[in-house]
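Just so you know, all these numbers are worked out from the coordinates, no wet-lab data involved. The model shown is predicted, which means the values in this text are computed figures rather than measured ones. Using ideal geometry, Cβ is built from the backbone for each residue, glycine included, and neighbour counts are taken over all protein chains shown.
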Amino acid sequence: MSPTNTTPAAAALHTELASGVELWREKVHALARDIHANPELSFEEVRASAAIVELLREGGFEVETGTSGLPTAFTATVGSGELTVALCIEYDALPKIGHACGHNLIAGASVAAALALAPHADALGITLKAIGTPAEEHGGGKAIMLEAGAFDGVGLALMVHPVQDGITYNPAGTSAQAVGRYRATFTGKAAHAAAAPHLGVNAADAAVLSQVAVGLLRQQIPGDHRIAMYVAEAGHVTNIIPELAVVEFECRAFTLPEYESLLIRVRRCFEGAALATGTELTIESTEPLYEPLSQDDDLAAHWTAAMDFFGKDTSPAAGLGGGSTDMGNVSQVIPSLHPWLSIPGADVPIHSHAFAALADTPEAYTVMFEAATALAWTTADAASNPQQRQRFIAAAYTRQD
C-alpha cells in the first residue's frame with residue numbers, strides 16, 4: 001500500500017504506517033465522534049483535550065499538559081531524533097453550531113497519524129510531537145503557543161482542514177488570509193428618549209453609521225479582502241438614549257501589507273461615525289493576529305502523491321476564496337503543511353449547521369483516516385529524503401528575543 005513512485009523500502013514503511021492507522025481506527029473513530037457530540041468552545045475544550053491525551057499516552061507518548069500556560073493545550077512526545085516534527089491537533093468548536101469547521105476530523109487525522117508514526121519515530125530519526133492547540137476559531141492558540149516556546153526546535157509542522165466537496169486536495173500554492181479582530185466602543189451620553197433626547201449623545205447611532213460606512217467601503221476594496229462585523233451592544237430599553245455601543249469587527253487579506261491597509265480604511269469608518277455623532281471611540285484588539293498561510297512545496301508534493309494513491313482530485317487550484325487559521329503564524333516561521341480535506345457530498349459552506357452534521361458522517365470519517373495515512377506517509381517521506389531532511393533540521397524554529 002503505497003504511491004507507485006516509491007522505493008521498496010519506502011513502500012514497506014508506507015504499508016506499516018497504513019496498518020498502524022488501521023490498528024487505532026476504532027479508538028480514534030470513537031474519539032472523533034465524541035468530540036463532535038460534545039462541542040466545547042475556545043479555551044474550554046476540557047473533555048476533548050483529556051480524551052486525546054489519554055489515547056496518546058496509551059500509544060506510548062509522554063504528555064505534558066497545560067503547555068504554554070493554556071489549560072487545554074498539551075504536548076505529547078515520542079522519539080529522540082534530530083529532526084523534530086509537529087502534528088498539530090485542533091478540537092475547539094463554534095458557538096451555537098458546534099463542529100461546523102470539522103475540528104473533530106482534524107483531531108482524528110492528526111491523532112491517528114501520530115499513533116501510527118510513534119513506533120517508527122526512532123527508526124526515522126525524528127522527535128515526534130503531537131501538539132494540542134486549543135482556540136483556533138477564536139483566541140489564536142497556536143500564536144500564543146508559538147510565542148511561548150511550544151514550537152521551539154520544530155523543523156516541520158503538519159495538519160489538515162476539512163472543507164466542502166469539490167475543492168482539490170492539492171495544497172501547492174494555496175493560502176489563507178491574515179485576520180485581525182477588534183472591538184470598537186462608542187461612548188455617548190444617556191438621556192430620556194422622550195423628555196430630553198436632545199441632551200443625549202446616541203452611541204447606537206454611531207454603531208449604525210459605522211456599519212453603513214463599512215458597507216459602502218466594500219465596493220472599493222479588492223475582491224479577496226473581507227470585512228465582517230456585528231453589533232454586540234447598543235442600548236437596552238427604548239426610553240433611554242444609548243450611551244454605549246460595542247461593535248465587534250474583523251479584517252482579512254491574503255498579505256500583511258494588504259491587511260494593514262484595509263484595517264486603516266476600516267478604522268476611518270469608525271472614526272467618521274464617532275465624529276458625526278459626537279461620541280468617543282476606542283478600538284482594541286481582541287485576539288492575536290492570524291498571519292497568512294504558507295504551504296511548503298516539498299511537503300505538499302508528498303501529500304499530493306498520497307492523495308493520488310487514494311484517487312482524489314489533485315489538480316492545481318488557486319485555493320480558497322476566504323478563511324484564516326492560526327496555523328498561518330506557524331507556517332511563517334516553520335515549514336508547514338495545511339492541506340484541504342474535501343468531504344464527499346458536502347455541498348454546503350463550512351461554519352453552517354449543515355456542515356456540522358456532515359462532519360459526523362461515514363464519508364467524513366473515511367477521508368479522515370485517509371488523511372491520517374497521508375500525514376504519516378508525508379512525515380516519513382520528508383524525514384527519509386536526505387536533502388529535505390537537512391533542510392528541515394536547519395529550519396528548526398528558534399524564537400527571536
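Tabulated results
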item	result
Test result for D347, among the acidic types (D, E), in contact with a helix residue (DSSP H, G or I) (Cβ under 8 Å, 6 or more places away or on another chain) and part of a loop (DSSP other than H, G, I, E, B)	no
Within the range 98-152, tally of residues that are β-branched (V, I, T), under 19 Å from T65 (Cβ atoms) and assigned to a helix (DSSP H, G or I)	2
Residue in the range 319-328 that is among the charged types (D, E, K, R) and closer than 22 Å to L256 by Cβ present	yes
Some residue of the range 165-174 being surrounded by 15 or more Cβ atoms within 10 Å (Cβ to Cβ), among the acidic types (D, E) and in a loop (DSSP other than H, G, I, E, B)	no
Checklist (1) of a type in the set (S, T, N, Q); (2) touching a strand residue (DSSP E or B) at 6+ places or on another chain (Cβ under 7 Å); (3) under 30 Å from T361 (Cβ atoms) applied to N170, failing item	(2)
Criterion: of a type in the set (S, T, Y), closer than 21 Å to G139 by Cα, crowded, with 16+ Cβ neighbours inside 10 Å and touching a residue at least 12 places away in the same chain (Cβ under 8 Å) - qualifying residue of T277, T185, T255	T185
Selection within the range 58-73 - surrounded by 14 or more Cβ atoms within 10 Å (Cβ to Cβ), of a type in the set (G, A, S) and either within 24 Å of the chain's Cα centre (by Cα) or over 26 Å from D122 (Cβ atoms) (or both)	S68, A73
